[in-house]
Each structure stands twice: as C-alpha cells, then as structure tokens.
Amino acid sequence: MTNVHLFLPVPPLFSAEPQDQYTSPGSSVIFSCQADGAPTPLISWYKDGQPVVPSGRLTISVGGISLGIQHVKGSDEGEYTCRSQNAAGYADASATLYVRDKVAPVIRNEPRDVAVVSGEEVVIMPCGAEGRPKPAIIWRKDGHTMDLDGKYRVDAEGSLYVYNVTSYDTGMYECSAENHVGYASARARLTVQDEPQPHIGDEFFQESFNEAHEQIDRAVNDTISQLFLRDRGSSPNPHELLRIFRFPSGEGREIARAAEKIEQTLKIVMRHIESGMIFNLTDYNYHDLLSPEKLVLLTNLSGCLSHRRNVHCDDMCFHNKYRSIDGTCNNLRNPLWGASLTGFRRLLSPIYENGFNTPVGWSKTKRYHGFFKPSARLISSRIMSTEEISPDHHCSHMLMQWGQFLDHDIDHALPSISSESFLDGVSCQRSCDYASPCFPIEIPPDDPRIRHHRCMEFTRSSGICGSGMTSVFFNTVLPREQINQLTSFIDASQVYGSSLLELRLLRNLTHNNGDLRHGILMSTGKPLMPFSDGAPVDCRRDLSESSIDCFLAGDIRANEQAR
C-alpha cells in the first residue's frame, strides 16, 4: 500500500505586525513582524514602497522577523512594510516611523484590569511610557492624585506597586505620562474581593428556578399558540400581523428564552428573601444572593452557556475566499464580530435606570432632576409632531426606501419572545403595569387621537445571555444588550439570509447552479421574489381574501418594504 500525502498551500497570515513608532534623531528602533503559512513564508521589508537594503545602520534579522534602525535620522521617517510571501500568496502589514526632535508621550506598557483577594501582599499595575523629553509618570485613583507613601510605590519604569491590599484599594487607577509636548494616559480597574460571605438565597434556588422555568415556557407557548395556532377563520389585525412575521426564529427564541430564565430566577430568589425581611434588596449585588456554585448551576440549567458559540475558523481554503452566511469568521482575529444572533456593539454606553438592565422610567416613583419622566407618547405628540408638511426639494422618498433597505441588511433586534407578563401571564395588551417584558406606553389624558385607552402595548426587545442580570457568571455586572438577528456586515443578508436554514429555503436546489429561487414571471419578463409557502411563517392577513402567501427573502421585513 502506498501512502499519499496531500499538501494544501496556505497563504500567509500575520501573528505579529509592526506597530507605529515615535522616536528622536540618534535613537534606535526595531520593527517586528511574524507570519504563519504553508510553505513557510519569506519575509521582506520595504520603506515607502522600496525594498530595504541592509547597511551599517539598517539591519534585518535572520528570517526577516525584525528590522532595526540605528542612529535614526530625519530621512528614516516613513512607512515601513513587512511583506510575507509564499507560493499561496502574500500579505502586507505596515507601520509608520515618526522622527521628531520633540515627541509627545506614548504609553507602551498599559495597566490591565485585575481582581485579587483582600490580604494580597502586593499588586503591580504596570505602566511605561516613551517620549522626548522623557515624560513624568503620575498615578491617580478614582480621579485623585495618589500620595506615594509606604503603601504605594512607583518604580523607575512607572509601574505602581500596591502593598497589603484591602477592599479600600478597589477603584479605577489611571497612569498618565506628560511632558511639555503632550499627554497620554491609560486606565485599569483594581477589584479587591473580600473573603466569601454566606449566600442567603441558596436555599431558594431550586424552587425559584422551577418557578421561572414554568413561567417562561408558559408565556412563550401561549404567545406561539395565540399567533400561529389560532383559528385562522378570523383575520388578524395589522398589529398581530406585524408580530406574526417578526416573531423570533427557533434558534433566536431559544437564546432569548435562556436569558429570561436566568433573569426571572434571580427576581424570584430576591422576592423570597424580601418576603422574610423588613427591608428590601435594592442595594444588593446578585453575588450576595447566590453562591458562585449556584450561579454556575443556574447558567447551565437555563441553557445560557450552551448558546455561547465556540467558532473554529480553521477551514482557511474557504474563509480566505468566501464570507460565511452567518458572518462568523469574516474577521479571523475576532470570529464573532458581526455574526448573526450575537449582541449589538455600542458606540456609547447604555443608560439603564438601575445601571444595567431596567429602562429609564421603569420605576414610576423615581424622579430625574426633581421631575417624573413624561410619557413617550406625550413627547411624540407634543414635540415630535407638526401641523405643517413641507416638500423636500433635494431628497425623494427613495432616500428613505434605500436607507431602510440598507438598514435591513445590517440589523434586526430580536423582539420579545412573549406577549404576556412572565410573572402572572397577563397579556401586555390588557395591562398598563410594567412587568417584564411588558413596558406599556401611557396615554396622556388630552391625547389628540387616542381617547378610550390608558396605555398602548409595548414590549421590550430580548436580551442576550451574558448581559444584564445574566452577566453574573462573568464576575461583573454588564449592561443588558439586545440581540441582532442579522449579520452586521453590508453583505446583502436581506437577500441571501443570515443562517443556514434561510440559505436552504432561498436556494434553488433542483440543480447545482447556486441560483436563488424566484417567483412567477411578470409581463415584463422579470420574476417576483418566491412565495414563502408558509415557511418560516404564514403572514397572510385573510385567507378568504387571497391564497397568495408572503414573499420569502433573506429578511422577513421584505414584506413591509416597497420593491
């Protein structure tokens, strides 16, 4: 028998790239670069597009992984490119060298967040900065300049030493470097944890989880029954129709269900504890309620951990040529960035009433700057409205249509998985109480249009595991984040879909040409989109009106947008 070894060439992929550097005349710098691939790539260097030739001042190490420049001159300033090349291709990584007589500080060794147990002998918060003139290092704790005494010491490089650590040392530490040219700073949090304390909620854990499990499943099943298993002899109203074809898919529903089970369990545990006390738990941390072992058990029982995807991007033959349908591995260093069914990433920090998961206005007795928050309906009817409609001489309605089409490519927040309260099963249409996921909008007494209702139905979007109350297993409190059902890339996912299931539904599988399905041909010879045939949902308003189903596309909202 003959053994055959198949060799597949792999193009270069950088494991270390050169970084921008600031330096002054007469000093020395080193650029470093490393890459992997098959066969082993060769590394060469370029300055401003021209090959670097080693000389007395310029040295390139064996293998090319580093480029050194001695006795730097002003003429050395420019862009330096590391090129890694093999038979499968090449890749470039560039960095800029800035040569200045005076250089603003640059922090090269930044402090990192650290958590220790009270009583630790010493904690080191690293910090090191470069600049010309040499910058002075100053440390601040929670915004206040630190007094360097026997408890705190800064070494010659600028790192801070904290001795005999206690809970008092918890805080945000900032290392700042300053000279007369400029200023730079970096921050990190030191968390000092006390010795384990008794957890008063452990005895209620199993009972609370069982109750939460029943509540969530009942609410979700009731909602599905109301939306999809109803007597279709009666026509759904427009509001119900919108809910039907926006209702989360099975995979998204399970992710949200797991997060809700954790939140409800913690609320029920807190309710049990408060019922036996004369005070409330407003200032309690959820780590005070349940022991770490119970928190881990909770995340396992709820299914929250099972929905945290581990992505493997080792099929480089595929990922170097194609984007994945669900967005995973499009960024090889951060494989889940932009993937479908992941949490949104924020440009600004969220604002929650309790700091991490309840919306502003959730507590009807809370004042802001001495006033209660007004109803969103009052704001929209009094401030965000006008009696005059003026034409736009620059933009047509197509601007809005194209903007909506683009938006339907990059985001679609997962709606609530239930249309009734998790706590008591009351429909969000029939109650004006704030009970998750119900967050009704109050109607002002003198509303210009709505006369006979105190509130209008509104439900919160689903949260993702690992945020809000479900962030307890991260050993910190992370703000509640909503789930994006789509890929965040501009990749026409509203056409092709954001999951393998949608991909299979949209493809013409009668042959291997890779074409999309299409619907009936119009008189123009161009086809309509395919009809959904009840998959994934039947969103027709009235079967007696028409037997034609909704359109099927990569995003269900294709049925609410003009084409």
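Side notes on the structure shown:
- Check: segment 390-455 dipole with +1 on Lys, Arg Cβ and -1 on Asp, Glu Cβ, in debye: 280
- Computed over every Cα-Cα pair of segment 315-464 and binned at 5 Å starting from 0, the pair-distance distribution P(r) comes out as 2, 7, 10, 13, 14, 15, 14, 10, 8, 4, 2, 1, 0 percent.
- Spin-label model distance (nm) - S32 vs L148, 7 Å beyond Cα toward Cβ: 2.8
- For R507, residues with placed amide H under 5 Å, excluding near neighbours: R517
- Rounded FRET efficiency, nearest 0.05, which uses the C-beta distance separating H71 from S396 and R0 of 41 Å: 0.05
- Cα shape, segment 1-153, gyration tensor, a/c 1.5 rule: oblate
- Å² of accessible area per residue within segment 1-136, as computed with a 1.4 Å probe and no ligands counted: 59
- Residue-by-residue Karplus 3J(HN,Hα) for segment 124-134, coefficients 6.51, -1.76, 1.60, Hz, glycine and proline x: 10, 9, x, 6, x, 9, 10, x, 9, x, 4
- The chain, accessible surface, carbon-and-sulfur percent (1.4 angstrom probe): 54
- Computed label-point distance, nm, for sites L347 and L423 using a 7 Å Cα→Cβ extension: 3.6
- Global size of the chain as Cα Rg and Dmax, reported in angstrom: 30.0, 90
- Under a 5 Å amide H cut-off, with hydrogens placed 1.01 Å from N, K373 pairs with Y368 among residues at least 5 apart or on other chains.
The values are calculated or read from the model by the stated rules, or taken from the named source; none is laboratory data. Since this is a predicted model, take the numbers as computed values, not measurements. Counting neighbours? That spans all protein chains shown, and the Cβs are built from the backbone with ideal geometry, glycine included. Heads up: the accessible areas ignore ligands, DNA and RNA and are worked out on the full protein's heavy atoms, side chains in. Shrake-Rupley method; radii C 1.70, N 1.55, O 1.52, S 1.80 Å.
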